[in-house]
1. If we only count helices (runs of 4 or more DSSP H) wholly inside the stretch 23-127, which ones have 1 or more residues that are small (Gly, Ala, Ser) and out of contact with any Phe, Trp or Tyr (no Cβ under 9 Å at 6 or more places or on another chain)?
2. Taking the condition of being within 17 Å of Gly122 (Cβ to Cβ) and buried (at least 20 other Cβ atoms within 10 Å of the Cβ), how many residues in the stretch 3-14 meet it?
3. Looking for whichever is modelled with pLDDT of 95 or more, closer than 20 Å to Thr15 by Cα and open to solvent by 20 Å² or more (accessible area, probe 1.4 Å) here; the options are Thr123, Thr110, Thr165. Which one fits?
4. Quick check on the stretch 178-188. Is at least one of its residues touching a Gly at 6+ places or on another chain (Cβ under 8 Å), farther than 16 Å from Leu70 by Cα and either free of Cβ contacts under 8 Å to residues at least 40 places away in the same chain or open to solvent by less than 40 Å² (accessible area, probe 1.4 Å) (or both)?
5. If you check Glu153, Glu166, Glu125, which single one turns out to be within 23 Å of Pro24 (Cβ to Cβ) and more than 13 Å from the chain's Cα centre (by Cα)?
6. Checking Lys173 against (1) in contact with a Leu (Cβ under 7 Å, 6 or more places away or on another chain); (2) surrounded by fewer than 19 Cβ atoms within 10 Å (Cβ to Cβ); (3) modelled with pLDDT of 90 or more; (4) not aromatic (Phe, Trp, Tyr): exactly one of these is not met. Which one?
7. With respect to the numbered conditions (1) surrounded by 15 or more Cβ atoms within 10 Å (Cβ to Cβ); (2) at pLDDT below 90, which one is the sole condition not fulfilled by Ile217?
8. Go through (1) at pLDDT 95 or above; (2) loosely packed, with under 14 Cβ neighbours inside 10 Å; (3) assigned to a loop (DSSP other than H, G, I, E, B) for Glu153 and report which single condition fails.
Amino acid sequence: MKIHHLRNATMVIETKNEFILVDPMLGEKGTAGPPFTLFRFKPKRNPILDLPNNALDIVNKTTHCIITHLHPDHLDKKAEVFLKSNNIPITCSIKDEKILRKRGLNVVETVDYWKESKFLGGTIEGIPARHGYGFIAKPMGNVMGFYIQLPNEKTIYLSADTIYTENVDKVLKQYKPDINIVACGTAQLDIFKPLLMTMDDIIKFTKNALMELLLQIIWRLLIIVQQHAHNFRLNLKNKG
């Protein structure tokens, strides 16, 4: 598996057979939508950076698309044109299906929270995401993270735009993904609390993800040691 991070939340997950485009924002710098803030910070329109020079070479290989939510920095007008013109199959939250179909997009699979759906020969499961601390999360609307299991590939968790919650903690500690992708940034409106994880919560996410990975490695090493010890005893017994 290869992960091509292009810009903001936009990435392509490359597997042996698929190129999965995630949250495409493909327009030119400053064309996706208004800035988050006018007074607290210097206003900048999304995207704040141009795409890398080779980005479209990768995007044009897209075989499938995943959309976590409908904010324009996760699905802009140019991305919609690309998806429609190429009839790209789309997987999204069950709550976003109606709007995306109205826009003429090819939604082939919808996902509900904590329920597995079939996905490219494997499964995909919706993970609740909370887009902000305190009151601001409600007007920010529906967001869905995804836990993906594909045949002969590492498991992957896409947090989507979320703060650190019990649901995020559950995925890291119980599902133990091989790869974790967390939305990081300083997005914040002129009023209210941050829209994404604070630095403390980003560190917490990273520590918990690494701790679970370390425990998996230790557990696998113990199994290998036990197997070698068992084989060694059998060899000694056979040699009499």
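The values are calculated or read from the model by the stated rules, or taken from the named source; none is laboratory data. Note that the coordinates shown come from a computational prediction; the quantities given were computed from them, not determined experimentally. All Cβ positions, even for glycine, are placed from backbone atoms using ideal geometry, and neighbour counts span all protein chains on display. Surface areas here come from the heavy atoms of the whole protein model, side chains and all, with no ligands, DNA or RNA. Shrake-Rupley method; radii C 1.70, N 1.55, O 1.52, S 1.80 Å.
1. Numbers: elements: 55-59, 77-85, 97-102.
Once the helices (runs of 4 or more DSSP H) in the stretch 23-127 are filtered for at least 1 residues that are small (Gly, Ala, Ser) and out of contact with any Phe, Trp or Tyr (no Cβ under 9 Å at 6 or more places or on another chain), what remains is 55-59, 77-85.
2. Looking only at the stretch 3-14, we keep the residues that are within 17 Å of Gly122 (Cβ to Cβ), and these are 3, 13-14.
From the residues that got through so far, the ones that are buried (at least 20 other Cβ atoms within 10 Å of the Cβ) too are 13.
Number of matching residues: 1.
3. Working: Thr110 fails: closer than 20 Å to Thr15 by Cα; Thr165 fails: closer than 20 Å to Thr15 by Cα.
When all the criteria are applied, what remains is Thr123.
4. Applying the first criterion (touching a Gly at 6+ places or on another chain (Cβ under 8 Å)) to the stretch 178-188 yields none.
No: zero hits.
5. On the way: Glu166 fails: within 23 Å of Pro24 (Cβ to Cβ); Glu125 fails: more than 13 Å from the chain's Cα centre (by Cα).
Exactly one of Glu153, Glu166, Glu125 is within 23 Å of Pro24 (Cβ to Cβ) and more than 13 Å from the chain's Cα centre (by Cα), namely Glu153.
6. (1)
7. Against the list (1) surrounded by 15 or more Cβ atoms within 10 Å (Cβ to Cβ); (2) at pLDDT below 90, Ile217 comes up short only on (1).
8. Among (1) at pLDDT 95 or above; (2) loosely packed, with under 14 Cβ neighbours inside 10 Å; (3) assigned to a loop (DSSP other than H, G, I, E, B), Glu153 violates only (2).
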